[in-house]
Amino acid sequence: MTLSEEDYIKTIYHLSKGEPTSVSTNSIAEQMETKPSSVTDMIKKLSEKGLVNYKKYKGVYLTEFGTKTALTLVRKHRLWEVFLVEKLDFSWDEVHDVAEQLEHIKSEKLVDRLDKHLGYPQVDPHGDPIPSKEGEFKKAVKKLLNEVPIGAEGICVGVKDSTPPFLKFLDKNNIALGDAIQVLDKEEFDGSLHLKIKGRDIHISEQIAANLYIKITE
């Protein structure tokens, strides 16, 4: 497979949220920042390789082989992100673009040894699950912070928005994965939240809350 074909496969996987559902060629084009006609040409190539199924006006979905291929790419990407943060001291807002390049390395032996070297991590620096070599992973039970009730307590387990500006905002406000969070109050007017994080009070906007995942503690 070419690098471009791999990028398309991973994009379709993410757009379908890992479910056996179809995605439109327009949404793929938007995500890939290319023309719908280019997407159609690529879909034909991927279909010929048994990676996707395409029905006109109904969209594209990954075959079993395509899903397995996508999960292999996701596994490599997230393992490299862990390596960059834990071993090379990259910050979590820097690793995505570098991992995008490293995920195309073909050596299965290298990736297996990387996994072992890192101690078989379950999640990447953004809280996303890392698939096993067999493509299996445990889906976290989590909710967006803006969806939990007042008084809820939990642990920050991930981010919906992993762009550098958002991650830098979290660093600036000393908010990180693993932090204990309690929702103290919610403003009816704008949806902003009053939180207690690691024993300190903080106010965040609804936009920030809509991009933070929390696992509720019983």
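So, in Å, what gap is there between the alpha-carbon centers of the range 2-61 and the range 166-218?
35
Given a Förster distance of 45 angstrom, what is the FRET efficiency for Ala140 paired with Lys44, based on the Cβ-Cβ distance and rounded to 0.05?
Working: r = 36 Å, r/R0 = 0.80.
About 0.80, to the nearest 0.05.
Positive end of the charge dipole of the chain (Lys, Arg +1 and Asp, Glu -1 on Cβ, about the Cα centre): tell me which of Ile181, Thr25, Trp80 has its Cα farthest that way.
The one lying farthest along the dipole's positive direction is Thr25.
What's the FRET efficiency of Lys109 with Ser205 using the Cβ-Cβ distance as r and R₀ = 41 Å, to the nearest 0.05?
Details: r = 46 Å, r/R0 = 1.13.
That gives a FRET efficiency of 0.35.
Over the range 1-120, what is the mean sequence separation of C-alpha contacts under 8 Å (at least six apart), divided by residue count, expressed as relative contact order in percent? Walk me through the intermediate numbers first.
On the way: 117 pairs, mean separation 27.0, N = 120.
Relative contact order for the range 1-120 comes out at 22 percent.
Which of Cys156, Ile202, Ala140 sits farthest toward the positive end of the charge dipole of the range 70-203, with +1 on the Cβ of Lys and Arg and -1 on the Cβ of Asp and Glu?
Toward the positive end, the furthest listed residue is Ala140.
Of the listed values (i) 18.9; (ii) 18.1; (iii) 20.7, identify the label whose number matches Kirkwood radius over Cα pairs in Å calculated from this model.
Derived directly from the coordinates: (i).
Which of the lysines could a cross-linker bridge to Lys35, judged by Cα under 25 Å and excluding same-chain residues fewer than eight apart?
Lys10, Lys17, Lys44, Lys45, Lys49, Lys55, Lys56, Lys58
What accessible surface, in Å², does a 1.4 Å probe find on Lys35, ignoring ligands, DNA and RNA and rounding to the nearest 10?
Roughly 130 Å² of Lys35 is accessible to a 1.4 Å probe.
Please list, in chain and number order, the residues 5+ apart from Val123 or on another chain whose amide H is under 5 Å from its amide H, with Hs placed from the backbone.
Those qualifying (amide H under 5 Å, at least 5 residues apart or on another chain) are Ile130.
Send over a whole-number figure in Å² for the accessible area per residue of the chain, probe 1.4 Å. Display every interim value, and only then the final one.
Details: 12730 Å² over 218 residues.
Per-residue accessible area for the chain comes out at 58 Å².
At a Förster distance of 25 Å, what's the computed FRET efficiency of Ile150 paired with Asn173, Cβ-Cβ distance as r, to 0.05? Present the calculation step by step, with values, prior to reporting the outcome.
On the way: r = 21 Å, r/R0 = 0.83.
Efficiency computed from Cβ-Cβ geometry: 0.75.
Suppose only helical runs count, i.e. DSSP H with n ≥ 4. What mean residue ellipticity at 222 nm does that imply for the chain under -39500 (n - 2.57) per run, divided by all residues and rounded to the nearest 500 deg cm²/dmol? Before the final figure, lay out each step's value.
Values: 8 runs with 90 residues, N = 218.
Result for the chain: -12500 deg cm²/dmol, rounded to the nearest 500.
With +1 on each Lys and Arg Cβ and -1 on each Asp and Glu Cβ, and nothing else charged, work out how big the dipole of the chain is about its Cα centre, in Debye to the nearest 20. Please list the in-between numbers first.
Values: 31 positive and 36 negative charges, 163 e Å.
Dipole of the chain, to the nearest 20 debye: 780 debye.
Considering amide H positions built from the backbone, and no H for Pro or chain starts, which residues 5 or more places from Asp179, or on another chain, come under 5 Å of its amide H?
Those lying under 5 Å, H to H, from Asp179 are Cys156.
The values are calculated or read from the model by the stated rules, or taken from the named source; none is laboratory data. Given the structure is predicted, the values throughout are model-derived calculations rather than measurements. Every residue, glycine among them, receives a Cβ derived from its backbone with ideal geometry; neighbour counts consider all protein chains shown. Areas reflect the complete protein model, heavy atoms only, side chains present, ligands, DNA and RNA absent. Shrake-Rupley method; radii C 1.70, N 1.55, O 1.52, S 1.80 Å.
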